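To start, the structure under review is shown below, and the notes come after it.
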Amino acid sequence: MDRCIVLVDAGYLLGAAASLLAGEPSRSRITVDHAALIQGLRDRAESDTERPLLRIYWFDGAPDRVPQPEHRRLRVMPRVTVRLGALTRSDGRWAQKGVDAAMHAELTELARNRACSDIVLVTGDGDLLPGMMAAKEHGVAVHLWAVQAADGDYNQSEDLVAEADERRVLDRTWITKAVRAKDLGGICAPPPAPRPEIAAILSAPLPESALAAAAERSADEGEHAPAAASENGTQERVPAPKGVPTPKDLAALRAPGVQPQQPANATLRWSSDKGWVDRPGGSAEPPEVASMPTLAQLTTAEQRWADREEDITTVGGDPYEVGQVFARRWMERLGDQSHLQKLSGMYPRIPHRIDGELLRYAARFGLLAHKDDQIDEHDRYAIRAGFWREIDVRTAAEHAPAGE
């Protein structure tokens, strides 16, 4: 078939680009405009091979093979297929497992089935040499692309270079059309929308009342702190940990059979885009809040299917966006609008059942990956900020004067 296919080792392509632009192979040091990168690969492949593109295969690693937000964006692009291997952590470093084997299998299968006349390989791993040789034996022309090396040396296997029918180098000029180094101030289009809600949450100072509560708690616990023996045999008091009650602390205080160790007027800090908000922590949620319906309770089987389709095809997985999508669905299906007013009055606190459902929904988008099954603190702020932003837009529209 007179058409070309591109097989991309994302670990090689983006790692080499990071080395070239940021001085180290860490992909966290670069920002990538994936739409521009895919279009650049397509244009370059069709130009070099003089064949129309059939498909781009994007091979990458992911923890437990769970698609990350970038993989979700890529796999819904036209003529892009994402293949994921495992990503494991060893000695403090992440390593891909199974990516090379998947590329080898795809390469030999495409050549055996005569799916194309030309295959472009964007990789540097010599383990693909047998697959390249097999593809050539089936009459396929193999083009090998390299990323310009940062230090002038080869960043590809010499055997792989020698066996390729054609070789090209993706230089700095080509790479920077879609990739930028973060520490150089470059921002890849499209630029991220400003998030003042998240910035305000993270930069808000502690309120004086919270600091006072922390000092009082520390003093109370210090009086009952266990003593420890010093070197000369005297007893020294071990200082108690400082801090304010957390949701976990207060939940433990309300557990059956547990005697409260904190004053009844303990203050719980809730962070928001308006700073820190103090809320009494001595009582459970009121019945009208605890009975607030969850999204699952408001969703029919047909809506659940439609939600899944939207998640797969249009939701990119950005934490802020995830919070907005969840809130929009919840509000659209809420029959009793009084619940919305009650929720608005609780700002910035989200009822436990809804908040738990929100975070579980976010976990579907791979936001738990690399975090030891915990969503990163900044991502949690972003998810909840997106949720409240959507709530604010809806309630503001309902209270706007007619004609505006």
At pLDDT 55 or above and at positive phi: is that true of residue 185 in this structure? no
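Table: residues versus (1) more than 16 Å from residue 15 (Cβ to Cβ); (2) outside the structural domain of residue 113 (by TED's automatic domain parsing); (3) in contact (Cβ under 8 Å) with a residue 24 or more places away in the chain; (4) touching a Cys at 6+ places or on another chain (Cβ under 6 Å).
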{"site": "124", "(1), (2), (3), (4)": "no, no, yes, no"}
{"site": "135", "(1), (2), (3), (4)": "yes, no, yes, no"}
{"site": "139", "(1), (2), (3), (4)": "yes, no, yes, no"}
{"site": "143", "(1), (2), (3), (4)": "yes, no, yes, no"}
{"site": "150", "(1), (2), (3), (4)": "no, no, yes, no"}
{"site": "157", "(1), (2), (3), (4)": "no, no, yes, no"}
{"site": "161", "(1), (2), (3), (4)": "yes, no, no, no"}
{"site": "165", "(1), (2), (3), (4)": "yes, no, yes, no"}
Examine region 32-44 for a residue that is farther than 28 Å from residue 321 by Cβ, at pLDDT 95 or above and either surrounded by fewer than 21 Cβ atoms within 10 Å (Cβ to Cβ) or not small (Gly, Ala, Ser) (or both), and state whether such a residue exists. yes
Looking for something modelled with pLDDT of 85 or more and of a type in the set (Lys, Arg) - is there at least one such residue anywhere in region 131-141? yes
Tell me yes or no: at least one residue of region 23-30 is in contact with a strand residue (DSSP E or B) (Cβ under 7 Å, 6 or more places away or on another chain), more than 27 Å from residue 311 (Cα to Cα), outside any strand (DSSP E or B) and at pLDDT below 95. yes
Members of region 78-97 found to be surrounded by fewer than 16 Cβ atoms within 10 Å (Cβ to Cβ), modelled with pLDDT under 95 and not basic (Lys, Arg), listed by number: 78, 86, 88, 90, 91, 92, 94, 95
Exactly one of 7, 53 is closer than 25 Å to residue 76 by Cβ and in contact with a Ser or Thr (Cβ under 9 Å, 6 or more places away or on another chain), and that one is 7
Suppose the filter is at pLDDT 85 or above, of a type outside the set (A, V, I, L, M) and within 16 Å of residue 393 (Cα to Cα); does residue 347 pass it? no
Can you find a residue that is among the charged types (D, E, K, R), assigned to a helix (DSSP H, G or I) and at pLDDT 90 or above anywhere in region 162-180? yes
Just one listed residue, out of 111, 17, 101, 62, is surrounded by fewer than 19 Cβ atoms within 10 Å (Cβ to Cβ), modelled with pLDDT under 95 and of a type outside the set (Lys, Arg), and it is 101
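The values are calculated or read from the model by the stated rules, or taken from the named source; none is laboratory data. None of the values given here were measured: they were computed from a predicted structure. All Cβ positions, glycine included, derive from the backbone under ideal geometry; neighbour counts span all protein chains shown.
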